[in-house]
1. Mind checking which lysines have their C-alpha under 22 Å from A:K251, skipping anything on the same chain fewer than 8 residues away?
2. Compute the length gained on full extension between A:V337 and A:H12: take 0.36 nm times their separation in residues and subtract their Cα-Cα distance, giving the result in nm to one decimal.
3. Grab the DSSP H runs of chain B that are 4 residues or longer, score each as -39,500 (n - 2.57), total them, divide by all residues and round the 222 nm result to the nearest 500 deg cm²/dmol.
4. Report the antiparallel proportion of the DSSP beta bridges in the protein assembly as shown as a percent, rounded to a multiple of 5.
5. Which of B:K12/B:K388; B:K390/B:K461; B:K476/B:K558; A:K114/B:K13 have a Cα-Cα distance over 20 Å?
6. What net charge do the residues around B:L408 carry, taking every other residue with its C-beta under 12 Å from that of B:L408, with Lys and Arg at +1 and Asp and Glu at -1?
7. Lys and Arg at +1, Asp and Glu at -1: add these up for the other residues within a Cβ distance under 12 Å of A:L316 and post the number.
8. What is the extension gain from B:A16 to B:V273, computed as 0.36 nm multiplied by their sequence separation minus the C-alpha to C-alpha distance, in nm to one decimal?
Amino acid sequence: MAKEKKGVRLEHISKIYKDPKTGKDFYAVKDAHLEIEPGSFVTLLGPSGCGKTTTLRMIAGFESPDEGEIYLGNEPINALTPNKRDTAMVFQSYALLPHYNIFDNVAYGLKLRKMDKETIKRKVTDILGLVGLEGMENRMTNQLSGGQQQRVALARALVIEPGVLLFDEPLSNLDAKLRVSMRTEIRRIQQEAGITAIYVTHDQSEAMAISDKVIIMNRGNVEQISTPQEAYYYPNNKFVADFIGEANFLKGKVKAQDKVEIAGSDISCATGSLAVGAECDVVLRPEGAILGDNGVIKGSVKYSCFMGAYQDYHILVGDTLLKIQEYNPKNKKIYNVGDEVFLNFEDNTLYAL
Amino acid sequence: MAKSQSASLDRKKLMADPIMVTTIALLIVFLTVFILYPLAILLVDSFVSETGFTLDTFKRVLALPNFRRAITNTLKVGFLVGIASALIGLLFAYVEVYVKLRTRFMEGLFRVVSMLPVVSPPFVLSLSMIMLFGKAGIITRFLLKIYDNSVYGFWGIAIVQTLTFFPVCYMMLKGLLKNIDPSLEEAARDMGASRFKVFNTVTLPLILPGLGNAFLVTFIESIADFANPMIIGGSYDTLATTIYLQITGAYDKQGAAAMAVVLLGITLLMFVVQKYYLEAKSTATLSGKASRERMLITDKSVTIPLTILCSALAIFVILMYICVPFGAMFRTWGYDFHLTFKWFGQVFKKYKGFKAFKDSFILSLISAPITALLSMIISYLVVKRKFKAKGFIEAVSMLAMAVPGTVLGIGYIRGFSGGLFGSGILQGLYGTGAILVIVFIVRSLPTGTRSGISALRQIDKSIEESAYDMGADSFKVFMTVTLPLIKDSFLSGFVTSFVRSITAISAIILLVTPSYLLITVQINEFAEKGAYGIACAFASILILITYGAVLIMNLLMKYFGTSRRVQTND
C-alpha cells in the first residue's frame with residue numbers, strides 16, 4: 001500500500017532542555033546514533049523521562065534537535081515543519097478532531113492533499129475496513145470506545161500513506177486486555193501495509209511482542225539496539241538486563257570464555273568480550289535456575305508462594321536475595337520458608353556482564 | 001551545551017510559515033502602536049521638556065491641591081469598594097455553594113445578579129441612586145420625607161461602585177469555593193470543629209489569596225472608573241475625573257499626561273501584584289475538581305439569615321435597575337408621576353437618538369468581531385505555539401487590562417493628534433471612527449484573550465499537533481481545528497466585546513468628535529445637566545440592546561456551540 005518504504009537515520013542527535021527547577025541545561029537525548037531499516041517495526045523503549053518521546057517528536061518535527069541531523073530516506077529533514085514531513089503520528093490521547101465524525105477525521109489528511117471526492121471516499125472506506133471499523137463513518141468520536149478511537153487514529157495516520165508511521169504510547173490509555181489484542185492488531189496492520197513504524201512505549205512486554213528491533217533508552221542515552229531476544233539474553237549492561245524482564249545479579253569472576261566462578265563453583269556462562277580474570281555481574285533470569293537438594297550454589301528459602309503457573313521463591317545466597325520462579329510446580333518438589341536449597345543451571349542460560 | 005541549533009531550526013520552521021510570521025508581525029505592530037506607544041508618549045510628555053529630562057511637570061501637578069485631594073479620594077474609595085465588594089461577593093458565593101437554597105426564586109435572583117455586570121452600562125446605578133435617594137428621590141423624598149438628602153460624594157460613589165462590582169467578585173469566588181474538596185471541611189467537622197470554626201480555619205485560609213485577588217481586581221476597577229464619579233461624585237473628584245477636567249476644562253495636556261502617569265502607576269502596581277503573586281497562589285492551592293457533591297447546609301439558623309440578607313441585597317440591586325426605565329416613563333421624576341413617552345419621543349425627535357444608536361451600534365459591531373478574532377489568535381499563539389515574541393504579545397495584551405480608559409484616552413490624544421511622534425504619520429486617524437473602533441478593540445482585548453486562553457488550555461495540545469502532522473499549516477490548523485473547538489469562547493468574546501464597546505465611555509469621551517454621537521456620551525451629558533428623563537430613556541434602550549445581545553449569544557451557543565460535545569469526548 002505504501003508508495004515507498006522509507007528508513008530513518010539519526011546522526012548524533014542530541015536535545016537539550018532546561019530544568020525548570022534548577023535552571024540548568026541537561027541532555028534529554030544524548031548522541032542518539034541509529035538507523036531504522038525501511039519496512040521494519042522498531043520500538044523506542046525505556047522508563048519515563050528516558051528521552052524516547054522526545055526522540056519521536058524530533059522525528060515528527062515537533063521538537064528540533066540541538067545537535068545532529070535526522071534523515072528520512074536520504075533527505076535531511078531537520079528544518080522541515082511537521083506538516084512537510086512524510087511522517088504520520090498516532091498519539092497517546094488519540095487526538096481525534098472532536099468536531100468531526102469518523103469519516104471526516106480520516107479524510108482530513110487526504111483533503112489537505114487535495115484529492116478528489118471519489119478517491120477520498122474509496123481510500124477512507126478501504127482503510128476503515130483494514131482497521132475493522134467499516135460502517136462507522138458517520139459516528140462522532142465520542143460515540144466510540146477507547147479501542148475504536150485508537151483504530152480511527154491509526155486509520156487516519158495510515159490513510160495518507162506516510163513514509164514512516166510514528167506511535168507515541170498509543171495503548172497506554174486502554175485496559176490491559178484490550179492492550180494485548182490491539183498490539184497484535186497494530187503489528188498485523190503494519191505488516192499488511194508494509195510500512196516503517198517507530199513505536200514508543202515504556203512497557204517491555206509490548207515492545208517484545210511487536211518489534212523487529214528494540215532501542216532501549218535510559219536518561220537520554222541509547223543503551224542497546226538489538227532484537228528483543230538479544231536484549232533479553234545478551235543485555236549490554238545492568239540497566240538493560242533489569243529493564244527487559246526481571247534479572248538477578250550474581251557476583252562472579254571470569255575463568256574462561258564460557259566459564260565463570262560464582263560462590264566458589266565454576267559454572268557454564270557466556271562471557272561476551274570480558275577478559276579472563278575480570279570481575280563480573282552474572283545475569284540470572286528468574287526462570288533460569290533449577291532447584292534441587294544438591295547442586296552448585298547453596299541458598300536458603302526466605303519466601304515461597306504458589307502462583308499457579310509457577311512457584312515464586314526468594315532465595316538468599318550469600319548476602320544476595322534472588323528471585324526465582326519454578327514453572328510447572330505441580331510435578332516438582334516445593335521448598336518452604338527456612339528450607340535449604342541448591343541452585344543448578346543448564347548450559348547457555350547465564351550471561352556475564 | 002549549546003542550544004543554538006534547535007533555536008535556529010525553530011526559527012527556520014517558523015519562517016517556512018509566511019501566514020504565521022505575517023500575523024505575528026502585524027500583531028506586534030498593532031500592540032506596539034496602539035497600546036505601548038500611547039503610554040510611552042505619556043511618560044515622555046510628563047518627564048521631558050524642551051530642556052530635556054525634568055520633574056517640573058510632576059512638581060507642578062502635585063502642588064495642585066485638587067490633584068492631591070483626588071489621589072487620596074481615589075484610594076479611599078478604592079479601598080472601601082474593594083473590601084466591600086469582596087465581602088459581599090463572598091457572601092453570595094458562599095450562600096450559593098454551601099447553603100441549600102429552597103426556591104427557584106432564589107436561584108433566579110442569583111442568576112440575575114451574576115448577569116448584571118455583563119449587560120449593565122457602567123453608570124446606570126448612579127442614575128438610579130440619584131433617582132431613589134437624591135433630593136427628588138422616591139425613597140428619600142416620598143417615603144422618608146427628607147428633602148435635602150445629598151447622594152453626591154464619597155458615599156454615593158462607594159455604594160454605587162460596590163453594587164456595580166460585587167457581582168464580579170461573586171463570580172470569581174464562586175469558582176474558587178466550588179473547587180474546594182468537601183472532604184477537607186468534613187474532616188474538620190468530623191474532628192469536632194463547629195461550622196464557624198470550619199469556615200475560619202479551613203475555608204477562609206484556602207480562599208484567602210482568592211479573596212485578595214477579588215479585592216485587587218475591584219480596587220483597580222474602582223480607581224479606573226470614570227462614569228460613576230462623573231455623575232454621582234459631585235464635587236468629590238477622583239483621579240479619572242480630575243484628569244478629564246484637566247484636559248477638557250484647563251486644556252493642560254502636559255499636566256493631564258503627568259496625572260495619567262500617576263493613575264497608571266497605581267493600577268499597574270496593583271495589577272502586577274494581582275497577576276503575578278495572588279492569581280498564581282489562588283489557583284495553586286485549589287486545583288482539581290471536588291471529589292463529590294457537597295453536603296449543603298440546611299440548618300435553619302444559618303440558612304434563613306443568610307438567604308434573607310442575600311435576597312435583600314439582590315432585590316435592592318434589581319430594583320435600582322428597574323428604576324431606570326421607570327425614570328424614562330414619568331413626566332417629571334420626583335414631582336409628576338404620570339406615565340409618558342415624551343422622553344423616548346424626545347430622544348429620537350429632538351436629540352438625534354437614531355444617529356446616536358446607529359453610530360454606537362455600528363462602531364461596536366465593527367469592533368466586536370475584530371476583537372473576538374484577535375483575541376482568539378493571540379490565545380492560540382500564546383497557548384499552542386512557541387516563538388520568541390510570545391512573551392511580549394501576552395504581556396502587552398494583558399497589560400491593557402491595567403490601563404484605565406481615561407489614561408488610554410489621554411495617551412491617544414497626545415500620541416495621535418499630531419500623528420506618530422508628532423510627525424503627521426497616522427494623523428488622518430485622529431478624530432475618525434477608526435480610532436474609536438481601535439479604542440474599543442484595545443479595551444476589550446484582555447477579557448477576550450483571557451477567556452480564549454483558558455478555553456484553549458483545556459484542549460489537548462496533541463489535537464492540533466495531529467492536524468499539523470497530517471499536513472495542515474498553521475493557518476489551516478487554526479481555521480479547521482482551533483477555532484471550531486473554541487467557538488463558544490469566540491462567540492462570547494464577540495458579544496462581550498460588543499457590549500463593552502457599546503457601553504464604554506471613559507476613553508472615548510476624550511476622543512469622540514461631533515461627527516459621531518455615542519449613546520454613552522449622550523447619557524453622561526444629560527445626566528450631568530440633570531435631565532434624568534432623557535438620560536434614563538437613552539439608558540433603557542441601551543440596556544435593551546445589551547440584554548438582547550446576551551440573549552442572542554445564548555441562543556447562538558445553544559445551537560452552534562461545540563463545547564458540550566467536546567467536553568464529553570475524553
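1. Reachable lysines: A:K238, A:K259, A:K298, A:K302, A:K323.
2. Working: separation 325, 0.36 × 325 = 117.00 nm, distance 5.18 nm.
Roughly 111.8 nm would be gained on extension.
3. Details: 28 runs with 402 residues, N = 570.
Helix-only estimate at 222 nm: -23000 deg cm²/dmol.
4. Numbers: 61 of 81 bridges.
That works out to approximately 75 percent antiparallel.
5. Working: B:K12/B:K388 13 Å; B:K390/B:K461 17 Å; B:K476/B:K558 26 Å; A:K114/B:K13 23 Å.
Too far apart for the 20 Å limit: B:K476/B:K558; A:K114/B:K13.
6. +2
7. Working: positive: A:K298, A:K302, A:K323; negative: A:D319, A:D339, A:E340.
Overall, the nearby charge balance is 0.
8. Working: separation 257, 0.36 × 257 = 92.52 nm, distance 3.93 nm.
Full extension of this stretch gives 88.6 nm more.
Here, each number is a calculation from the coordinates, and none is a lab measurement. What you see is a predicted model, and the numbers here were worked out from it, not measured in a lab. Cβ: placed from backbone, ideal geometry, glycine included. Neighbour counts: every protein chain shown.
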